[in-house]
1. Would you please name the residue that is surrounded by the fewest Cβ atoms within 10 Å (Cβ to Cβ), looking only at residues in the stretch 56-65 that are of a type outside the set (Gly, Ala, Ser) and in a loop (DSSP other than H, G, I, E, B)?
2. Which ones in the stretch 82-100 are in a strand (DSSP E or B) and either free of Cβ contacts under 8 Å to residues at least 40 places away in the same chain or aliphatic (A, V, I, L, M) (or both)?
3. Considering only residues that are in contact (Cβ under 8 Å) with a residue 24 or more places away in the chain and assigned to a loop (DSSP other than H, G, I, E, B), look in the stretch 66-81 and name the one that is farthest from Glu48 (Cα to Cα).
4. Does Ala53 count as farther than 16 Å from Val99 by Cβ, open to solvent by 40 Å² or more (accessible area, probe 1.4 Å) and in a loop (DSSP other than H, G, I, E, B)?
5. Does the stretch 72-89 contain at least one residue that is loosely packed, with under 10 Cβ neighbours inside 10 Å, at pLDDT 55 or above and out of contact with any strand residue (DSSP E or B) (no Cβ under 9 Å at 6 or more places or on another chain)?
Amino acid sequence: MARFNLFHPRFPFTAPFQRPLSPGNATPPAARAAPDLKETLMYPVVKEEDCIACNLCADTCQGAVFEMEDDMAKVVAPQNCDGDGVCVENCPEEAITLVD
């Protein structure tokens, strides 16, 4: 019976009796970070009559909350808003407000 060195670098298992790690699954399950489950406390609202479609809100938003549709900014992903207010500060027409 052949003996295997479980700690040899070419041995495909992480520990005895565990499944091998595939190249796409190189991190053991216990070491993976938990998904970000933050709750959005605030989200932006665009006043359609005041929007001039300057695209500054979409350019400055880190969460990709805005998209330009029909020459107007639309909120497409309010769950991505971190509530920092950068879009409100950069809107030249003050057409964006944060609500909770």
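1. Among those that are of a type outside the set (Gly, Ala, Ser) and in a loop (DSSP other than H, G, I, E, B), it is Gln62.
2. Correct list: Ile96, Leu98, Val99.
3. Applying the filter and picking the extreme gives Cys81.
4. Values: farther than 16 Å from Val99 by Cβ: yes; open to solvent by 40 Å² or more (accessible area, probe 1.4 Å): no; in a loop (DSSP other than H, G, I, E, B): yes.
Spelling it out, it is not the case that Ala53 is farther than 16 Å from Val99 by Cβ, open to solvent by 40 Å² or more (accessible area, probe 1.4 Å) and in a loop (DSSP other than H, G, I, E, B).
5. No, the conditions are met nowhere in the stretch 72-89.
The values are calculated or read from the model by the stated rules, or taken from the named source; none is laboratory data. Worth saying up front: this structure is predicted, and the values here are computed from it rather than measured. Here the Cβ is made from the backbone with ideal geometry for all residues, glycine too, and neighbour counts use every protein chain on show. Keep in mind that these areas ignore ligands, DNA and RNA; they rest on the heavy atoms of the full protein, side chains included. Shrake-Rupley method; radii C 1.70, N 1.55, O 1.52, S 1.80 Å.
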